[in-house]
Structures are given as C-alpha cells and as structure tokens.
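Below is one structure, written out as structure tokens; the observations come after it.
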Amino acid sequence: MLQTATAPRSRVGARLAPLWVAAFLQGVGFWVPVEKLFLTGIGFDAASIGLMAAAYAAMTPLAEVVSGVLADRWSRRGVLMVAGVALAVSVFIGAVSQNVATYIVAALILGIYFAMYSGTVEAIVYDVVLEETGDSAEYERRIGRVRFVESIALVGSALAGGWIAAALSPRATYFLTLPFALLYLVALTRLREPKLHQTAERTALRDHLRVTYRAITNRGRLIPIAAATVMAAMILQAMFEFGPLWLITLKTEAGYYGPFWALLVGTLGIGGLLANRIHLERPLPLAIVVLTMLAACVTMTTSRSLAALTAAMTALTFLLVVIEIHLSRLLHDAVPSTIRTGVASGISAVSWMLFTPFALAFGAVSKHAGVYVSGWMITAAVALGGAALVWVQRHADALR
C-alpha cells in the first residue's frame, strides 16, 4: 500500500523537476534589488516610478487574456517560453536604458513576461498532480515547492545584486542577469507538460472565450474567490513595487537594499512551504492573519524604525503569499482543465487593471505628501482584502 501511494508522488516530482530548474533560473534577477537606485540615476522620481508601474500594469491585462487562451488551446510550456523571451528582451532594454522613456519600454515588455508566466505555472502543477495522483490534495505542497525554488533564486540574486552593484555598477546587474534568462528557455525544453486541457473536443475560439467569461462571471462560487484573489495580488504587487520607497525616504545606505529585498522575496518560499499548514478555511487562523496584516500596515504608516518597517513588510508579504496559494487551490478546484489557465488569467487581468490606477495614485501621493501618507492606501486595500477573505471563508461549504 505504501509503495502504491508513493509511486504517483515520485512521478509528480520527476515530471516537475524541469519546471523547478526553470523556476530557479527565471528567478535570478541581480537587477531587481537595486532597480530603484538605477532608476533615480536615469531621471526617475516617485511620480514617474508610479507611471512606469501603471504602464506595465495596463499592458499586462491585455497580455493575460492572450496568455490564458494560448495556454489552454495551444501549449502551456510554449507560453512559458514566450514569457522567457519577453524577460530576456526586457532585461536587455533595461540594461541599455539611459532615460525614462526607454526604461518604460522595458517595463512594458516585462508586463508581457508577467502575464505569460503567472497562472500558467500553477495550471501545469495542478494538472500534473491531477494526472499522476487522481486528485488535487498534493497541489498546495507541490506549488509551494516551486515557490520555494523561486525564492532561493530571488534571495540569492538579491544578495548578490547588491554586491555586484557596489563592486561594479547597477547597470552591470542587468547584463549579468541575461544568461540566466536564456538558460531558463533551455530548461523548459525538458518539461513534459500535462495534456488534461487537450482531452476535450476542441471548440471554436469564440465559444472558448464565452465559456471562460461565463465561468468567471456566472459561477456564484467563483465570485468571492475572484474578489479575494484580485485584492491579494494587487497588494502583493504594490509591496514589491513600492516597498523600497520607504528605504529611499529614510535615506538608507545602498548596502541594505540587497538584504531587504532578500527578506521580501524570501517570503515567497517560506510562504509556499507553510501555506498548507495555515488553515485559512477556519475562522480563528483567518482572523489572526487579517489582524496581523492590518498591524503591519499601521507600522508602515507610523514607524521610522528601519527594523520595524522591514519586519512589517516581511510579515505582510509572507501572509499575502499564503493567501494567494490558498485561493489558487480553491480556484483550480472550481473550474475544468480546459479553461483553467484562461479563468486564472482573466482574474489576474482584473487585478492588474485595478493596480493601474492604484499605482498612479500611489506615486502621485508619494511625491506630494510622502510615502507614509500613501501607505494608508495599502492599509485600506488590506482591509478590503481581509473582508473578501472572510467572504470566502463564509462560503466555504459552497466552494467544496
């Protein structure tokens, strides 16, 4: 019996191994921890940083719709390879940028990468687990491992990126990232993608889009999941995009940016490993999580202590990662494989559309009133996200 139960799990690990390697390689970004320093050197200020974030946030929803349809109707591995090409091109343009306009082009192409990568990895992991084990019980653990591998790369490259920027220059971090983006494409050639989404009879594109749209809008059980997912994704993106602005406000030394960013991205891995141990379907753990997030937000809007701010941001991002994985499981349980990536991409597109005005407003408020005032926008978003999570928990029976 033990051998019978262990064999499918072993096959899952073997099939996902190339994806783990690819996830590590795409997670290497030496430029990420020092990006804001690089941007200030080529003419950016808080408002133009917000404009840049809004620009790729506006691009991403369009690409999300395309990526979801391509992944469900063509190839999920192929979509991940398109993501890799977009990542390499974006990093190269960023490396040679000398002004705001050129770098915004790099950011727009990076938005294509985000759209193609997000949702597709989750769908591959979910379907591999389903093909090999017959149910989704292993999903949270397996996607958690993917997130952990990504975080190892993100943490390592964050620490190395700060050192490279100090020893060479922030621009050098972009050029040294390029080989890893290209190796990511090589790793994906070894991935055997699942075929569950290709087992059903192929429908016309118009019908496929109609079914995907109706799955998002007409299924009552998806509404609370979608609302909570949108809010969690938007807040998480805001943390990664604007968190370093607190360091700039406090005139933090350049050497701190690497460790700070390493802590933030490290939550992706720790959150992935612990997501299935924090039972958000239960009222007490959910209440503790929501109250902890609100406490972290209050710290971000009031404290001038670098240590307290770092701890608050780390705690908030960790809990957001846990929430996203929990909601991802509920979402994939609720829809068939033939439209799985399309539904996930559609919901992700909504989160990017919401992030666009949020980023513009956050950047404008930060420029004129300071980041501590604009931090209340994150607090309000967390309060709304917490309410959406409570909504999901109260509809738990209908979601099963």
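Can you say whether VAL12 is under 30 Å from GLU193 (Cβ atoms) and open to solvent by less than 10 Å² (accessible area, probe 1.4 Å), as far as the supplied structure shows? Criteria met by VAL12.
Cβ-Cβ distance below 6 Å, separation of 6 or more or different chains: which pairs start in segment 273-286 with a residue that is open to solvent by less than 90 Å² (accessible area, probe 1.4 Å) and end on one that is of a type in the set (Lys, Arg) and in a helix (DSSP H, G or I)? Pairs found: ASN276/ARG141. Beta carbons closer than 9 Å, at least 6 apart along the sequence or on distinct chains, pair a first residue in segment 101-125 that is more than 30 Å from ARG141 (Cα to Cα) with a second that is open to solvent by 20 Å² or more (accessible area, probe 1.4 Å) and of a type in the set (Phe, Trp, Tyr) for ALA106/PHE92. The set of residues in segment 126-161 being more than 15 Å from ALA23 (Cβ to Cβ), small (Gly, Ala, Ser) and touching a residue at least 12 places away in the same chain (Cβ under 8 Å) consists of GLY134, SER136, ALA158, ALA160, GLY161. Screening the candidates VAL89, VAL79 for the property of being in a helix (DSSP H, G or I), of a type outside the set (S, T, N, Q), surrounded by 24 or more Cβ atoms within 10 Å (Cβ to Cβ) and out of contact with any strand residue (DSSP E or B) (no Cβ under 6 Å at 6 or more places or on another chain) yields one hit, VAL79. Would you say ALA58 is at pLDDT 85 or above and in contact with a Phe, Trp or Tyr (Cβ under 8 Å, 6 or more places away or on another chain)? Criteria not met by ALA58.
One residue stands out in segment 41-61 among those that are open to solvent by 50 Å² or more (accessible area, probe 1.4 Å) and either free of Cβ contacts under 8 Å to residues at least 24 places away in the same chain or not in a helix (DSSP H, G or I) (or both): the one that is farthest from SER118 (Cα to Cα), namely GLY43. All conditions but one from (1) more than 19 Å from the chain's Cα centre (by Cα); (2) open to solvent by 70 Å² or more (accessible area, probe 1.4 Å); (3) farther than 29 Å from GLY50 by Cα; (4) in contact (Cβ under 8 Å) with a residue 60 or more places away in the chain apply to VAL186; the one that does not is (4).
Checked against the criterion of being out of contact with any strand residue (DSSP E or B) (no Cβ under 6 Å at 6 or more places or on another chain) and over 15 Å from MET231 (Cβ atoms), the candidates VAL373, VAL350, VAL390, VAL382 yield just one match: VAL373. Taking segment 272-292, which residues are of a type in the set (S, T, N, Q) and at pLDDT 90 or above? Selection gives THR292 alone.
Within segment 16-38, the residues that satisfy the criterion of being buried (at least 20 other Cβ atoms within 10 Å of the Cβ) and farther than 21 Å from VAL85 by Cβ are LEU16, PRO33, VAL34, LYS36, PHE38. The condition of being touching a residue at least 12 places away in the same chain (Cβ under 8 Å), touching a helix residue (DSSP H, G or I) at 6+ places or on another chain (Cβ under 8 Å) and open to solvent by 50 Å² or more (accessible area, probe 1.4 Å) holds for only one of LEU319, LEU327, LEU384, that being LEU384.
The values are calculated or read from the model by the stated rules, or taken from the named source; none is laboratory data. What you see is a predicted model, and the numbers here were worked out from it, not measured in a lab. So basically every Cβ, Gly included, is an ideal-geometry build from the backbone, and we count neighbours across all protein chains shown. What goes into the accessible areas is simple: the full protein's heavy atoms, side chains included, and nothing from ligands, DNA or RNA. Shrake-Rupley method; radii C 1.70, N 1.55, O 1.52, S 1.80 Å.
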